[in-house]
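Everything below concerns the one structure shown next.
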Amino acid sequence: MERLKLVMQYFQSNSESISNGICIILALVSVKLYTSFDFNCPCLPQYNKLYSLGVMIVPPIILFFLGVLVNRHAGVMMDEWMRPIGNRSKNPAVVKYLFSSMIQRAMLAPMVWILVTLLDGKIFICAFSVSVNPVLFSGLPNNTGLDVIKIMAKVPCKEDTIFNNSSFRKAVSRYIRCYSQAVGWSILLFLIVLGALGRLIKPCFDNHATSLQTRYWSNYLDVEQKLFDETCVLHARDFARKCVVQFFEDMREDTVLSLPHPLFITNSRMEWEDEEEERLHGVSKQEQVDQLLNKWYYSKPELDVTRIAHRPRMCVTWKNRDGKTLYSDV
């Protein structure tokens, strides 16, 4: 249970971890889809390869675009690429890094699908049973009245009656499945070696400081967009509350009710209203909101927080009647 909590905390820690978790889930879904997929080869010479090609290519394409769709880096990358320059220059290295991360994660589920199909071998048997030389195997049914090509096209069909009491179909299936699994394991080995070499060789050619900067600013863009969205949600909630309260205030009749009002309740209400005003940031009209959002898109703020970082801080000092300092937070 503790390990499960640690795994969940990792996947919820940042957007990159969430993207990794989604890609792993898509990979598992692709395996589940293949195991539950009802594979029915048409067993016709002119359609076997076409059907196998469709099963091999179409689902990976769907999984790839689904991986792009659920990847947050895709939206961040497109926003950074398409936005006007404004007060902030664009960094092509950041866009390239986001694009690379998006492609790598989106390719995981399609590659899992392709590897599973190759290791299982059914696709290869359906596609290449016609290409196998039947002379290599004994037991070819020759009393069916069909030509050799049509007989070989029916090898993937277990229920076909022409292969009853014959080991020919099983021998051909084993032969093709061996080739299919060899191709699958070769691709898997190639990908692992390529990834290992890339991890080992990349630091020899890349500037480590530049890589750190690129990764920092790519994370910054993601965090900045999330903070802006969260701030907009808070502002919209307070703006809506103000509009609704103002509507009911305008509809209320002008009646005066004199009741004693405790001071602490007044102070609490004033503090609550001040907090709401602070969250509105002085933006209290539709035109101001539209202008703010328009400025955010066309003129992103420059990456310089010197003014707010060095803002004067109020210090409190307590002195007695003689002027002697009793406490100070300076």
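Between a residue in the range 73-91 that is over 26 Å from residue 104 (Cα atoms) and any residue that is polar (S, T, N, Q), which pairs come within a Cβ distance under 6 Å, given they are 6 or more apart or on different chains? What qualifies is 86/299; 87/299. Checking each residue in the range 156-179 for being touching a residue at least 40 places away in the same chain (Cβ under 8 Å) and over 41 Å from the mean Cα position of the chain (by Cα) picks out 160, 172. Say whether the condition of being among the β-branched types (Val, Ile, Thr), open to solvent by 50 Å² or more (accessible area, probe 1.4 Å) and modelled with pLDDT under 90 is met by at least one residue in the range 70-77. Checked the range 70-77: at least one residue is among the β-branched types (Val, Ile, Thr), open to solvent by 50 Å² or more (accessible area, probe 1.4 Å) and modelled with pLDDT under 90. Residue under question is residue 290, and the condition is that it be modelled with pLDDT of 75 or more, more than 28 Å from residue 217 (Cβ to Cβ) and under 32 Å from the mean Cα position of the chain (by Cα); does it hold? In short, yes. Against the numbered list (1) in contact (Cβ under 8 Å) with a residue 60 or more places away in the chain; (2) within 11 Å of the chain's Cα centre (by Cα); (3) open to solvent by less than 40 Å² (accessible area, probe 1.4 Å), residue 24 comes up short only at (3). When the range 79-93 is limited to residues that are touching a helix residue (DSSP H, G or I) at 6+ places or on another chain (Cβ under 9 Å) and of a type in the set (Lys, Arg), the one that is least open to solvent (accessible area, probe 1.4 Å) turns out to be 83. Checking each residue in the range 94-136 for being loosely packed, with under 15 Cβ neighbours inside 10 Å and small (Gly, Ala, Ser) picks out 100, 131. When the range 233-269 is filtered for residues that are farther than 17 Å from residue 290 by Cα, at pLDDT 80 or above and more than 36 Å from the chain's Cα centre (by Cα), the ones remaining, listed by number, are 242, 244, 245, 246, 247, 248, 249. Filtering the range 97-148 to residues that are under 20 Å from the mean Cα position of the chain (by Cα) and without any contact (Cβ under 8 Å) to a residue 60 or more places away in the chain leaves 99, 100, 102, 103, 104, 107.
The set of residues from the range 215-252 being open to solvent by 70 Å² or more (accessible area, probe 1.4 Å) and either among the small types (Gly, Ala, Ser) or more than 23 Å from residue 72 (Cα to Cα) (or both) comprises 237, 241, 244, 245, 246, 247, 248, 249, 250, 251, 252.
The values are calculated or read from the model by the stated rules, or taken from the named source; none is laboratory data. What you are looking at is a predicted structure, and each value in this text was computed from that prediction instead of being measured. Note that each Cβ is placed from the backbone with ideal geometry, even for glycine, and that neighbours are counted across all protein chains shown. The protein model used for the area step is the full one, side chains on, heavy atoms only, and it has no ligands, DNA or RNA in it. Shrake-Rupley method; radii C 1.70, N 1.55, O 1.52, S 1.80 Å.
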